Every structure is written in C-alpha cells, then in structure tokens.
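Take a look at the structure set out below.
The values are calculated or read from the model by the stated rules, or taken from the named source; none is laboratory data. What you are looking at is a predicted structure, and each value in this text was computed from that prediction instead of being measured. Quick reminder, even Gly has a Cβ in these numbers, built from the backbone with ideal geometry, and neighbours come from all protein chains shown.
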Amino acid sequence: MKTARSVVVATASLLTLVLAGCSTAASSAAPAATSDTGPKITVVAAENEYADVVQQIGGDRVDVSAIMSDPNTDPHTFEASASVAKAVAGAQLIVQNGLGYDDFMTDLEKASPDANRSVIVAQDVLGLPDSTENPHLWYDPKTMPAVASSVADKLSALDPASADTFRANLATFTASLSGWTDALASFAKMTRKRPWR
C-alpha cells in the first residue's frame, strides 16, 4: 500500500511537469554539437511548447521563435501583428498545434504563400480528427515524441549535411522523456489493478 501511494505521488509530480508543457528532463537535454555549415534554418512555432522541441532537435542549426509564449494568452482572441506576419512569411519551417487552437497561423500562411515552406501540424502528425475535444495536444505524452520526429525529418530535408546531428538530438530528446513516460505506464497499470473507489 505504501509502495502504491509512493507511485501515485511520484506520478502526480511527473504529470505536473507534463502539464507545464514539457518535462524538466526534456528541457535540460543538451543538443549535440554541430558545425556551422551555413545560415541557420528559420523556424516559427505557434506555441512555445513546440518551439522548445524544435530548439532541442535543431540545436545551433536553427533560429526558432514562438508566437505565443505567454501562458495567459488566449489563442482565440490573439491578433497577429505586422511583425508576426513578417516572421511567418520568412519562416522555412512552421510548427503549429491545429484543432482550431491556432487558426491564425493558417491564415498568415495563406497570406504569404511559399511553396518551399514546410509546415508541421501536430493534429495531422497524430492523425486526429477535427472533432477531437481537447486541443491542448502537448499534454498528451504521445505528442512531443511524434512532433520531434517530424521536426527531425523536416530539418534533415532542409539541411541534409546536419541530418546526423538532428537524429542524434532526437534520440537524446526521446530518451530524456523515458522517466515520466515509464512512470505514467506504471501508474496506468496500477490503476487497472486497483481501481479508485
């Protein structure tokens, strides 16, 4: 009983980190060193949660910025400024959430079409229908590893010379998440055996 309670407490603590956007372990994972092989890849993420993942995968080969970095920002009332529109227009890679959470990004992309721009939409990466109720996809433990893998693919296509570095950073990032994903799996297993009453 004491062990089960310890697992619950530990898992709750880890879930708190997940709900903050990404785990402390993931944030502290150092990207592999790269050599300067040319201009950095310009990346714009709609939310800072995704920008953090891009930075960890891209390391010093990316110049990444987040449109919404204030947790108090309401995406439904967000109005893009001229500087935001300019950033989106100049981005080589864009990462956004989808599910209507950041529709303003799609509008900005349509306003400045670029056939060479790559766009990652977390909703599409996860294969989720528009009817998905909770749009805060970064809370789901499956989201960031899947998005990170897609980011590594896109960055590798944009900078083939750094592909090995992006893959190494992806492996480091994925490994850094294992602590809380293992705890979540243990918690789920425990609750199946001992349902709450």
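Points to keep in mind about this one:
- Of the residues making up region 93-127, those that are surrounded by 18 or more Cβ atoms within 10 Å (Cβ to Cβ) and under 17 Å from the mean Cα position of the chain (by Cα) number 16.
- Single residue of region 34-86 satisfying the filter (without any contact (Cβ under 8 Å) to a residue 40 or more places away in the chain and assigned to a strand (DSSP E or B)) that is surrounded by the most Cβ atoms within 10 Å (Cβ to Cβ): 67
- Complete set of residues in region 128-172 that are of a type in the set (A, V, I, L, M, F, W, C) and either within 11 Å of the chain's Cα centre (by Cα) or within 21 Å of residue 104 (Cβ to Cβ) (or both): 128, 137, 138, 144, 146, 147, 148, 151
- The set of residues in region 121-139 that are free of Cβ contacts under 8 Å to residues at least 60 places away in the same chain and either touching a Leu at 6+ places or on another chain (Cβ under 8 Å) or assigned to a helix (DSSP H, G or I) (or both) comprises 123, 124, 125, 126, 128, 130, 132, 135, 137.
- Single unsatisfied condition, residue 138 versus (1) of a type in the set (A, V, I, L, M, F, W, C); (2) modelled with pLDDT under 95; (3) surrounded by 13 or more Cβ atoms within 10 Å (Cβ to Cβ); (4) farther than 22 Å from residue 78 by Cβ: (4)
- Checked against (1) in a helix (DSSP H, G or I); (2) modelled with pLDDT under 95; (3) out of contact with any Leu (no Cβ under 8 Å at 6 or more places or on another chain), residue 157 passes all but condition (2).
- When residue 90 is tested against (1) free of Cβ contacts under 8 Å to residues at least 24 places away in the same chain; (2) exposed (fewer than 13 other Cβ atoms within 10 Å of the Cβ), just one condition goes unmet, and that condition is (1).
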